[in-house]
Amino acid sequence: MAPIFLVNIGQLVTLRSGAHGPRRGKDLRELGIIQDGAVVCLGGKIVTVGTTRDALRDSWVKKNRTKLIEIDCAGKVVLPGFVDSHTHPAFISPRLVDFEKRTAGSSYEEIAAAGGGIRSSVDAVRRAGKRQLADHVLGALKELSASGVTTVEAKSGYGLSVEAELKSLQAIKTASREWPGTVVPTLLGAHVVPSEYTDRPQEYVALVCEQMIPRVAKRKLAKFVDIFCDRGAFSAEDTLTIAKSARENNLQVRAHISQLIRTPLDRLLGLGPVSVDHLDCVNDADVARLANSETIATLVPGANYFLGLSEYPPARRLIDAGAAVALATDFNPGSSPTANMPFVLSLACTQMKMTSEEAISAATINGAFALALSKSKGSIEPGKDADLSIFDVNDYREIAYWVAANHCSYTIMNGEIQRNRQTN
Ligand code: NIG
Ligand code: FE
């Protein structure tokens, strides 16, 4: 792997920080920008971060300049690669019938009750070969990296049987080996109760706890267990049972919660989940609990956009109270079919009233905390993985400003350069 030299960077957005822990409150606005910056990467790691002037005086750079892959980033913005901490890429088909019903006025829950929704993605996944599923996951990873994402959390959750959930996680593993970025796999066997267990949901919860989680843990196929805790999915009680099983099997916990109806967060937070996601229906007590916890509040406004909702998660209340907020795409076929991270930043700013600075921090360093990867991901600092994105814009605020655009010309993942578009 050749060393990389990014030079003349118009704005180098480092997100460097002396502090430990995720960004909260005013710290979310501190981007650590270096004007006319330079970065040297070696062996898949970042080794030097500073100004172009200093880099060009560096004796190692002077001696090795001809051997470096040099990218002139004049008039461009360089960011830490986005960390997309919430995606569901292990599915086969888009849900076009759901889409048509929604444009005709049906809600997410009405569509699910009428035979659409998550359950309608299950048959195709159960029938699919592992390679076919892996190709779909790989397609999503490539689309994500084209918009500057370098780390992706990837959930199973459309198999809903021991066999099909294991197959989904194996497909995620196969795809992750064929993509230069970093993939964090999550078991979401508790996405919904599959049709064959409708009359005996507790047996499905037992299957998740006694079969899926131990087998996934034994084969090291996932780092996290996720649970969809909401109306029409799993109860607060079931969620705690499944979360405890995850912990007993040395897997970390994250949850979809309070998307459709409120579930008080206190008991789940007591189990120390790394992240709780969606959070549309939280109240002041939940916000205060979150602010006093280490758990990341992951917001996925792409789902609100695609479901045509007028309300968005209360980002301002969460940030102003001191919660550590992250942003993710929630890429999935039912509620958020987008792999465009800059679009998610745009939604965060226009719909949730986050600032550009808060949105960038939430999509990089706090995303890294949401995956327990903050030591290696989420900022441009010596020693961290060489995960960077180069945007053809003069000012970092343009990333959230241009609606549904993608100005990412290069994505660098673990030191490997991917060219996304012709640059000027
Ligand atoms: O995060 N809420 C649950 N899971 C997904 C939707 C999955 C689907 O509809 O396929 C979400 O929005
Ligand atoms: Fe989701």
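The values are calculated or read from the model by the stated rules, or taken from the named source; none is laboratory data. Just so it is clear, the model here is predicted, and its values are computed rather than measured. All Cβ positions, even for glycine, are placed from backbone atoms using ideal geometry, and neighbour counts span all protein chains on display. Accessible surface areas use protein heavy atoms only, side chains included; no ligands, DNA or RNA. Shrake-Rupley method; radii C 1.70, N 1.55, O 1.52, S 1.80 Å.
Look at the alpha carbon pairs under 8 Å that are at least 6 residues apart: their mean separation over the length of the chain gives a relative contact order of 22 percent. Between the amide H of residue 418 and those of 411, 412, 413, distances stay under 5 Å, these residues lying 5 or more places away or on another chain, with hydrogens modeled in the peptide plane.
Residue 69 exposes around 70 Å² of accessible area when a 1.4 Å probe is run over every protein chain in place.
Remark: relative contact order (the range 86-178) = 41 percent; criterion is Cα-Cα distance under 8 angstrom and separation of 6 or more residues. Spin-label model, residue 247 to residue 123: label points 7 Å out along the Cα-to-beta-carbon direction sit 4.0 nm apart.
Please compute the Kirkwood hydrodynamic radius of the range 92-157 from all pairs of different C-alpha atoms, in Å with one decimal. The answer is 13.7 Å.
The equivalent ellipsoid that matches the C-alpha gyration tensor of the range 166-269 spans semi-axes of 24, 16, 13 angstrom, in descending order. On a C-alpha basis, how far is the centre of the range 78-104 from the centre of the range 374-424 in Å? Whole number, if you could? What the calculation gives is 21 Å, centre to centre.
The calculated Kirkwood hydrodynamic radius for the range 29-134 is 19.1 Å, given to one decimal from all distinct C-alpha pairs. Under 27 Å Cα-Cα from residue 63, which lysines qualify once same-chain neighbours fewer than 8 residues away are excluded? Within reach: 45, 76, 384. The ratio of the alpha-carbon radius of gyration of the range 13-62 to the globular-protein estimate 2.2 N^0.38 Å is 1.38. In percent, rounded to a whole number, the relative contact order of the range 1-143 is 25, using alpha-carbon pairs under 8 Å and six or more apart.
I'd like the per residue volume of the convex hull spanned by the Cα atoms of the range 354-394, given in cubic angstrom. Don't skip to the end; give the middle numbers.
On the way: hull volume 3.2 nm³, N = 41.
Measuring per residue, one finds 78 Å³ for the Cα hull of the range 354-394.
Please work out how much length the chain gains when fully extended from residue 395 to residue 114, using 0.36 nm per residue of separation minus the C-alpha to C-alpha distance, in nm with one decimal.
Values: separation 281, 0.36 × 281 = 101.16 nm, distance 4.68 nm.
Residue separation times 0.36 nm, minus the Cα-Cα distance, leaves 96.5 nm.
The residues of the range 242-297 present an accessible area of 39 Å² per residue when probed at 1.4 Å with all protein chains retained. Counting only protein heavy atoms and a probe of 1.4 Å, the accessible surface of the range 279-405 is 52% carbon and sulfur. With the biggest extent put first, the Cα atoms of the range 285-424 measure 48, 36, 30 Å across the principal axes. Over the residues of the chain, the helix contribution to mean residue ellipticity at 222 nm works out to -9500 deg cm²/dmol, using -39500 (n - 2.57) for each DSSP H run of at least 4. In the elastic network of the chain, a GNM with C-alpha springs shorter than 10 Å, the most mobile of 235, 176, 147 is 235. Here the Kirkwood formula puts the hydrodynamic radius of the range 253-316 at 11.8 Å, using every distinct Cα pair. Bridging of residue 130 to lysines at a Cα separation below 26 Å is possible for 142, 155, 167, 173, 218, 220, 223, once same-chain residues fewer than 8 apart are set aside. Around the amide H of residue 326, modelled in the peptide plane, lie the amide H atoms of 297, 298, 299, all under 5 Å away and 5 or more residues distant in sequence or on another chain. With the gyration tensor restricted to C-alpha atoms of the chain, the semi-axes of the equivalent ellipsoid amount to 36, 22, 20 Å, longest first. Gain on full extension, evaluated as 0.36 nm per residue between residue 103 and residue 266 minus their Cα-Cα distance, stands at 55.0 nm.
If I stretch the segment between residue 70 and residue 376 completely, what's the gain in nm (0.36 nm per residue apart, minus their alpha carbon distance), one decimal?
107.8 nm
Couplings 3J(HN,Hα) for the range 159-166, derived from phi with the Karplus relation 6.51 cos²θ - 1.76 cosθ + 1.60 (θ = phi - 60°), are x, 6, 9, 4, 4, 6, 6, 5 Hz, where x marks Gly and Pro.
Taken along the Cα-to-beta-carbon direction at a fixed 7 Å, the label points for residue 62 and residue 206 span 7.4 nm. Protein-only accessible surface at a 1.4 angstrom probe places the residues 312, 204 in the order 312, 204, largest first. Shown here are the Rg and Dmax of the Cα trace of the range 218-340, at 14.1, 43 Å. Karplus-based coupling profile of the range 137-146, in residue order and whole Hz: 4, 4, x, 5, 4, 5, 5, 5, 5, 5, with θ = phi - 60° in 6.51 cos²θ - 1.76 cosθ + 1.60 and x standing for Gly or Pro.
What's the local net charge at residue 56, with K and R +1, D and E -1, over the other residues with C-beta under 15 Å away?
Details: positive: 53, 57, 62, 63, 65; negative: 36, 54, 58, 70, 72.
Its environment carries a net charge of 0.
Measuring nothing but alpha carbons in the range 363-424 and taking Rh as the Kirkwood radius, the Rg to Rh ratio lands at 1.00. On the beta carbon distance between residue 284 and residue 132, with R0 = 56 Å, the FRET formula returns roughly 0.75. Estimated at the nearest 10 Å², the accessible area of residue 195 is 80 Å² with a 1.4 Å probe.
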